[in-house]
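Quick notes on the structure that follows.
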Amino acid sequence: MKSLFKKEVVSYFSSLIGFAVPALFAAFSVFLFMKDIFVIGSFSFVNFFSIIPWIFMIFIPAIAMRAFAEERKRNTLEVLLSLPLFERQIVLGKFFSAFLVVVIGVLLTLPLPLALFYLAKVYLPEVAVGYFGVVLLGASFLSLSLYISSKTDSQILAFLLSALSLFFLLVLSSDFAGSVVPESILSYINFIFPSFHFDPFTKGLISLPSLLYFLSFTLLFLFLTVLELERRE
Amino acid sequence: MIELSRVSKSFGRVRAVDNVSFKIKKGEIVGFLGPNGAGKTTTMRLIMGILKPDKGKIKVFGYDPLEDRVDIARRVGYLPENNPLYPELKVKEYLKFICEVKKAKGFERIAKEVGLEEKLDEKIENLSRGFKQRVGLAAALVGNPKALVLDEPTSGLDPIEQEKIRELIVRLSKDRIIIFSTHILSEVEAVAERLIIINGGKIVYDGQKPKRKGTVESLFKKAVLQ
């Protein structure tokens, strides 16, 4: 797994994806946050964290789309399957290398809380919990996008389907759904959506059920990706 | 030993491999001959465990590709059809990756063996087709495999490069099983000891290569037109 992880990291940083996508992610999220400061005249990290899932909706499919779709297109998946690598090692190697790119994007936004810590009163442990939630959310979105990438040989299709799936996951658990779906039903279905579980983290709270939710979500889609490779059709 | 017993594989309604059986022993160089779409690539993928057979049994050095794909990958070097590679990597990076995965050392020695020592720091995308083919062969050779499964190893190369790759295959054949697929008849005459002809997914000839020059062509035509 380590060798595939290293090769994948080299591949990511041999192309624009490794540099441009994390940089754009950081630029967009910081810009949207700063806009609030200048327009409203105040800031809250809850607002900052609440825009991250929507930026992830584009950013994560852009990173994950190549993972398997490109291997299928170039037939290099055949090379990987002819090597002494178990399917789970291939999936984990791909996952952790893409996750590294996601984490780099998230880390690039760190100067923001650090600057605000010096300029205003920011309670850093609360922000750290928020960032922890961002990383968990990123891992779960990434595993879903990797699974979709394993189902096709078209990067564009993988990107669009992943972005669309994440869009529905976000919309169905947002305020928009609250206005369409009766509240009695919403309280039940909310539990299956990532935003519901991300919410406590944005407020600085570590919720054990939400932590388990993100881990299960990530593992489920990684497992489905392994099954997809094991089909060998 | 590589052994296929009544193996079949279909894609939808198309039967790509139909009731195929053969045994290949240590030291044999087998030319796997057939027209395009005959089932050569599917058979090779079945041997490597990249595809699952619908019916039949395959044993590769005692391992079943269905269950033990990784054990087979440790013992068999594979050059897939059209030699897929990672163009963004340098030759050195790619061979190091293969060495790490196969827990083998000495990619420099293998690079020298296939004539790649001058190209180690070049990106794969900048190599000529012939050198790319050598990269694929070098990757298949990592870990000193007991068998090599080469799917059209000279496809798309100019005659001089083809000759070099053929010489390389003969040189590599010592104490190894080598199966190479091709639709170039002269290649089989130059390299193989045994000939398996496949057509429409079925084995239509399996035997020693005829000694007389030019006989392979008539044998092939007869077998395919049957």
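Rule-based calculations on the coordinates, nothing more; no lab input. For clarity, every value in this text was computed on a predicted model and none was experimentally measured. Methodologically, a virtual Cβ is constructed for each residue, glycine included, from the backbone with ideal geometry; neighbour enumeration extends over all protein chains shown.
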Give the relative contact order (percent, whole number) for chain B; include only Cα pairs under 8 Å separated by 6+ residues. 28 percent
What are the residues whose amide H is under 5 Å from the amide H of B:Ala16, where those residues sit 5 or more places off or on another chain and H is modelled from the backbone? B:Lys9, B:Ser10, B:Phe11
Ordered by number, the GluC sites (Glu not before Pro) in region B:13-111 that occupy a DSSP loop and have at most 13 other Cβ atoms within 10 Å are B:Glu67
For peptide B:81-90, what's the mean number of Cβ atoms from other chains within 10 Å of each residue's Cβ? 5
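Per residue, what volume in Å³ does the Cα convex hull of the protein assembly as shown take up?
Working: hull volume 76.7 nm³, N = 459.
Per-residue hull volume (Cα only) is 167 Å³.
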Once amide hydrogens are built 1.01 Å from N within the peptide plane, the residues lying 5 or more places from B:Leu51 or on another chain with amide H under 5 Å from its amide H are B:Leu46
Under the Karplus curve 6.51 cos²θ - 1.76 cosθ + 1.60, θ = phi - 60°, whole-Hz ³J(HN,Hα) for region B:132-148, x wherever Gly or Pro sits: 4, 4, 5, 4, x, 5, 4, 4, 5, 7, 4, x, 6, x, 7, 9, 10
Given pairs B:Lys40/B:Lys90; B:Lys59/B:Lys174; B:Lys132/B:Lys213; B:Lys26/B:Lys102 and cut-off 24 Å on Cα-Cα distance, the over-length ones are B:Lys40/B:Lys90; B:Lys132/B:Lys213
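Using +1 on the beta carbon of Lys and Arg, -1 on that of Asp and Glu, and nothing else charged, what's the dipole of region A:77-233 about the Cα centre, debye to 20? Mind dumping the intermediate values first?
Values: 7 positive and 10 negative charges, 55 e Å.
It comes to approximately 260 debye.
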Estimated vicinal HN-Hα couplings, Hz - region B:2-15 in sequence order (Karplus 6.51, -1.76, 1.60; Gly, Pro = x): 10, 9, 10, 10, 6, 8, 10, 8, 10, 10, x, 9, 8, 8
Amide H of B:Ile198 versus every other amide H placed in the peptide plane: which residues, excluding those fewer than 5 positions away on the same chain, fall under 5 Å? B:Leu33, B:Gly34, B:Val204
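Averaged across the residues of A:70-77, what count of C-beta atoms belonging to other chains lies within 10 Å of each residue's C-beta?
Details: counts 1, 2, 0, 1, 5, 6, 5, 3.
Mean partner shielding for this stretch: 3.
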Put +1 on the Cβ of each Lys and Arg and -1 on the Cβ of each Asp and Glu in chain A; which of A:Leu211, A:Ile192, A:Ile148 then has its Cα farthest toward the positive end of the dipole? A:Ile148
Three principal axis extents, largest first, for the C-alpha atoms of region A:2-230, in Å? 57, 43, 30
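What is region A:1-114's relative contact order, in percent, from Cα pairs under 8 angstrom and six or more apart in sequence? Each step should come with its number before you reach the end.
Details: 73 pairs, mean separation 57.6, N = 114.
The value is 51 percent.
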How many angstrom separate the Cα center of region B:75-108 from the Cα center of region B:1-51? 24 Å
Explain nothing, just compute: Karplus ³J(HN,Hα) = 6.51 cos²θ - 1.76 cosθ + 1.60, θ = phi - 60°, for every residue of region B:121-127 in order, whole Hz, x for Gly and Pro. 8, 8, 6, 4, 5, 8, 7
Which value in deg cm²/dmol, rounded to the nearest 500, describes the helix-derived mean residue ellipticity at 222 nm for the protein assembly as shown, given -39,500 (n - 2.57) per DSSP H run of n ≥ 4 and division by the residue count? -19000 deg cm²/dmol
Principal-axis tilt of helix A:208-230 within chain A, Cα atoms, nearest 10 degrees: 20 degrees
